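**Q** This is the structure I have questions about; it appears just below.
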Ligand code: GDP
Ligand code: IMO
Ligand code: MG
């Protein structure tokens, strides 16, 4: 039975939450492996509509254990509100665990995220201001505090004292703002620790035992490939790896243990925050997609930038993640579009190129080269079999598969769990 990594193949918000919720019904373990509460994963199922930031979308499954992996940075206050909301709405959270190695988002991380953004002026990244960059920077700088530290109050106290001295020096002397109160943070985080203690443990054994039993394990990605600090549009990226490679590190399993890498693409492109996006539409077609699809950020409510499907980026995404199958979401959003475009190349400084440049300034100069396809102009949300989709919709999907270089398994035609077409089985 497979271990499946579910990966954001574009700039995030591809519909990973929906896909994980759908697959989790048959899974035994679901692990979130990267990011933090910058993520917003929407799930619409029999329990209602949820926007999850930290809890894995597998939490609704009748059988799966949901795990926040070591690769996640966790804001405990946000997590507790999320758990309370789930409980109030009748969702069972008794099979939920947090890796003791997951780093914590501290009050100075969120504060510094905002201050750093303001200091960037016109070059701001457009972060979610959830403290994600500063928390991962501290992890790499060996200045982090981990979930497991909350279980050892004396260790936590000493670490917080040492780290906060440095953070307060930066806050007061670099940014000229007030220092943060140590005792208040200590007490607050001790309370969080008491509340979360039953969930915090060493989680790799849970995952490896599940794999050994032949259980279905889902690795839930956050963000998307072009927000990866190595392969994304650096510096307009996030700070942890959303790639399939990141799934191994962030869950604590070896690369040979992943059987399927499912690349989740929207049938078009969106991006929230700053940075290049070659197929962005700043005209009425872009507005039409945004309004039709209600493309507003799940975490920050910001309007998402919308554009046509970028097959140059898609091919690169397939290459660096090694997708075995694709999920194509939001096909229904294109139901009323008479003409569709797919970007098959870029024009850069008068030359035609077919690769995704690493230089952000080069990418900003890229002009998309489009091929046009006729729209199907018919509803798709009721389709449950591939054959039930209009011929032109099937042709559009086939062209995306061909250009992205990988066959699709799942076509999503609506936000709800059941609004899905399995083109081919994801596993036998
Ligand atoms: P994620 O971060 O990748 O989980 O994606 P988000 O939840 O941020 O954004 C995806 C949005 O698309 C959410 O509002 C979903 O409810 C919605 N969605 C997912 N799949 C479909 C689909 O096939 N059709 C439509 N219309 N909406 C979808
Ligand atoms: P999900 O998991 C879309 C973007 C932010 C910003 C950049 C850096 O829902 O797909 P950060 O707060 O991470 O330092 O911001 O990354 N970003 C996302 N965009 N979906 C997400 O997550 C995102 N998480 C971060 O908008 O451009
Ligand atoms: Mg999202």
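**Q** Taking residue 136 as the residue in question, decide whether it is in contact (Cβ under 8 Å) with a residue 40 or more places away in the chain and under 22 Å from residue 217 (Cα atoms).
**A** Details: in contact (Cβ under 8 Å) with a residue 40 or more places away in the chain: yes; under 22 Å from residue 217 (Cα atoms): no.
No: the conditions fail for residue 136.
**Q** Working carefully through the options 54, 49, 86, 112, find the one that is buried (at least 23 other Cβ atoms within 10 Å of the Cβ) and in the same structural domain as residue 245 (by TED's automatic domain parsing).
**A** Values: 49 fails: buried (at least 23 other Cβ atoms within 10 Å of the Cβ); 86 fails: buried (at least 23 other Cβ atoms within 10 Å of the Cβ); 112 fails: in the same structural domain as residue 245 (by TED's automatic domain parsing).
Residue meeting the stated conditions: 54.
**Q** Give region 315-332 a look and list any residue that's under 18 Å from the mean Cα position of the chain (by Cα) and within 16 Å of ligand 1 (Cβ to nearest atom), or say none.
**A** 317, 321, 323, 326, 327, 328, 329, 330, listed by residue number.
**Q** Mind checking whether some residue in region 42-49 is within 16 Å of ligand 3 (Cβ to nearest atom), in a helix (DSSP H, G or I), at pLDDT 95 or above and within 30 Å of residue 310 (Cα to Cα)? Step through it out loud before you land on a result.
**A** Kept after step one, since they are within 16 Å of ligand 3 (Cβ to nearest atom), are these residues of region 42-49: 42-44, 49.
If we keep only those that are in a helix (DSSP H, G or I) as well, we get none.
Looking through region 42-49, none of the residues is within 16 Å of ligand 3 (Cβ to nearest atom), in a helix (DSSP H, G or I), at pLDDT 95 or above and within 30 Å of residue 310 (Cα to Cα).
**Q** Scan region 142-180 residue by residue and report those that are over 27 Å from residue 70 (Cβ atoms), surrounded by 12 or more Cβ atoms within 10 Å (Cβ to Cβ) and out of contact with any helix residue (DSSP H, G or I) (no Cβ under 9 Å at 6 or more places or on another chain).
**A** The one that is over 27 Å from residue 70 (Cβ atoms), surrounded by 12 or more Cβ atoms within 10 Å (Cβ to Cβ) and out of contact with any helix residue (DSSP H, G or I) (no Cβ under 9 Å at 6 or more places or on another chain): 172.
**Q** Here is a follow-up. How many of the residues in region 226-255 are more than 13 Å from the chain's Cα centre (by Cα) and under 20 Å from residue 129 (Cβ atoms)?
**A** Count: 6.
**Q** If residue 37 passes every condition in (1) surrounded by fewer than 19 Cβ atoms within 10 Å (Cβ to Cβ); (2) within 16 Å of ligand 3 (Cβ to nearest atom); (3) in a loop (DSSP other than H, G, I, E, B) but one, which one does it miss?
**A** Tallying (1) surrounded by fewer than 19 Cβ atoms within 10 Å (Cβ to Cβ); (2) within 16 Å of ligand 3 (Cβ to nearest atom); (3) in a loop (DSSP other than H, G, I, E, B), residue 37 fails exactly one: (1).
**Q** Another question, if that's okay. Filter region 291-341 down to the residues that are under 23 Å from residue 5 (Cα atoms), within 16 Å of ligand 3 (Cβ to nearest atom) and buried (at least 21 other Cβ atoms within 10 Å of the Cβ) and list them by number.
**A** Hits for region 291-341 are 327, 329, 330.
**Q** Next up: Please enumerate the residues belonging to region 415-428 that are in contact with a strand residue (DSSP E or B) (Cβ under 8 Å, 6 or more places away or on another chain) and part of a loop (DSSP other than H, G, I, E, B). Even if it seems obvious, please write down each step before you answer.
**A** Step one: list which residues in region 415-428 are in contact with a strand residue (DSSP E or B) (Cβ under 8 Å, 6 or more places away or on another chain), which gives 415-417, 419-427.
415, 417, 419, 423, 424, 425, 426, 427, listed by residue number.
**Q** In contact (Cβ under 8 Å) with a residue 40 or more places away in the chain, more than 12 Å from ligand 3 (Cβ to nearest atom) and either touching a strand residue (DSSP E or B) at 6+ places or on another chain (Cβ under 6 Å) or not in a loop (DSSP other than H, G, I, E, B) (or both): which single residue out of 31, 55, 20 fits that description?
**A** Numbers: 55 fails: either touching a strand residue (DSSP E or B) at 6+ places or on another chain (Cβ under 6 Å) or not in a loop (DSSP other than H, G, I, E, B) (or both); 20 fails: more than 12 Å from ligand 3 (Cβ to nearest atom).
Every option except 31 fails the conditions.
Every residue, every condition in (1) in a loop (DSSP other than H, G, I, E, B); (2) touching a helix residue (DSSP H, G or I) at 6+ places or on another chain (Cβ under 8 Å); (3) within 16 Å of ligand 2 (Cβ to nearest atom), yes or no:
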site	(1), (2), (3)
229	yes, no, yes
237	yes, yes, yes
245	no, yes, no
318	no, yes, no
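**Q** Let me ask something else about it. When region 58-75 is examined, which residues are found to be within 16 Å of residue 103 (Cα to Cα), more than 15 Å from ligand 2 (Cβ to nearest atom) and not in a loop (DSSP other than H, G, I, E, B)?
**A** Within region 58-75, 67 is the sole residue that qualifies.
The values are calculated or read from the model by the stated rules, or taken from the named source; none is laboratory data. Given the structure is predicted, the values throughout are model-derived calculations rather than measurements. Heads up, the Cβs are rebuilt from the backbone with ideal geometry, glycines too, and the neighbour counts pull from every protein chain shown.
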